[in-house]
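To keep things clear, I will list the structure first and then write my remarks on it.
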Amino acid sequence: MKIGMVCYASVGGSGVVATELAHALGERGHEVTLISSELPFRWRPDVPGLSFEQVTVPAYPLFREPQYLLALANTLARVSEERQLDIVHAHYAVPHATAAYLADQMVLSAGGRRPRTMTTLHGTDITLVGSDPSYARVVRFSIDQSDAVTAVSESLKQDTLRTLGIGREIQVIANFLDCAEYRRRKEAALRQRLCPSPCEALVIHVSNFRPVKRVDVAMEVFARVRRRMPARFVLLGDGPVRAAVEQQARAAGLEEDVSFLGEQHDLVPYLSAADVFLLPSAQESFGLAALEAMACEVPVVASRVGGLPEIIEDGVTGFICDPDAIDEMANRTATLLTDQARRQQMGRAAADLVRTMYCTDRIVPQYEAAYTALLAR
């Protein structure tokens, strides 16, 4: 199949999953054109059958927000015609499915054959954009005009149906990992560097540091744990709340115990060195960061929101707490840090779950089957 994969290039889950899906489809013999404003964070240039098409956005002061949408629609129409795409797979309803619809109309008006459009909902397009009255109608229209729609969790599917009043079929296809890459390694030297003596425990958080991730709450949870025992906290990622959380750490006197290491292309060494992963988000439509930690045998202490309860079995592969239960999160974290046998047992159970349900070779065929069914209509 000839597939156009449309995504944001950021380090967020949607861009990561779209890029990894493009990689996997290319390796399985499909011709995939990944379309974005810049090379995605996880891009690999050595994958057969994979190419990149950049969306060039002109800087016209008269036109502000619409530039990317219009430039993307123009690029999609051109690439669809030049490469005779079978499928355009849009990751996010707006603006990507919206641009795909506009591109379809341009191709049809020129007498061409339009590709079929699949839209994958990742969360922000529904929980934030779709719930805003200023955008709800265009989000609903873009979803309705897609030939097929998937969501990354049952929670997100139900949120979409409820929030937008959509009656069409939405197929749930979960996010996935390359399980050959995401597995715990021996990282003694890194562990020693991140957690030097007398450090006894290493807690980790990975996100794009947006308010919805509640990194400040993760810092407060760690502060309560640190009062009980020697521990270090490593935060990976970057974003708008980083400076405020760095100030929070300084105000709490935690400078020596907290490390902000920025964005990292290879998370596996850091996850392999860690004991517990904190994810106290206000909303997670799936929770890819949690899945990555679980694959590396790191139990996750997370909020009971969105799709997280679908991938974390409370008390078995991690702990799920009410979002405002900061004391409970701290207690659960401390329990894992002080009970090595339980922590390791939960870590192994978490990794086993990922390998049973969320590896590339299990999820990517579901997308292929969805593509095939779409083309057969």
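The values are calculated or read from the model by the stated rules, or taken from the named source; none is laboratory data. Quantities reported herein were computed from a predicted structural model and do not represent experimental measurements. Don't worry about glycine lacking a Cβ; one is built from the backbone with ideal geometry, like all the others, and counts go over all protein chains shown.
Here are a few things to note about the model shown:
- Residue in segment 235-243 that is part of a strand (DSSP E or B) and assigned by TED's automatic domain parsing to the domain that holds G287 present: yes
- When A73, A100, A93 are checked against the criterion of being among the small types (G, A, S), within 30 Å of G287 (Cβ to Cβ), surrounded by 14 or more Cβ atoms within 10 Å (Cβ to Cβ) and at pLDDT 95 or above, a single residue qualifies: A100.
- Residue in segment 288-300 that is modelled with pLDDT under 95, part of a loop (DSSP other than H, G, I, E, B) and in contact with a strand residue (DSSP E or B) (Cβ under 7 Å, 6 or more places away or on another chain) present: no
- Condition met for A289 (out of contact with any helix residue (DSSP H, G or I) (no Cβ under 7 Å at 6 or more places or on another chain), in the same structural domain as N208 (by TED's automatic domain parsing), touching a residue at least 40 places away in the same chain (Cβ under 8 Å) and buried (at least 19 other Cβ atoms within 10 Å of the Cβ)): yes
- Scanning segment 243-267 for residues that are buried (at least 17 other Cβ atoms within 10 Å of the Cβ) and either more than 19 Å from R193 (Cα to Cα) or basic (K, R) (or both) yields V245, Q248, A249.
- Any chance A223 is under 19 Å from G13 (Cβ atoms), of a type in the set (A, V, I, L, M) and crowded, with 16+ Cβ neighbours inside 10 Å: no
- Taken over segment 88-117, the criterion of being among the basic types (K, R) and in contact (Cβ under 8 Å) with a residue 40 or more places away in the chain is satisfied by R116 alone.
- The single condition among (1) more than 16 Å from the chain's Cα centre (by Cα); (2) under 22 Å from L236 (Cα atoms) that A290 does not meet is (1).
- Residue selection: V276 satisfies the criterion of being closer than 13 Å to V206 by Cα and either touching a helix residue (DSSP H, G or I) at 6+ places or on another chain (Cβ under 7 Å) or among the hydroxyl-bearing types (S, T, Y) (or both).
- Candidates in segment 164-201 are the residues that are part of a loop (DSSP other than H, G, I, E, B) and basic (K, R); of these, the one that is farthest from A136 (Cα to Cα) is K186.
- When segment 156-192 is filtered for residues that are in contact with a strand residue (DSSP E or B) (Cβ under 7 Å, 6 or more places away or on another chain) and of a type in the set (A, V, I, L, M, F, W, C), the ones remaining, listed by number, are L156, I170, V172, I173, F176, L177, C179.
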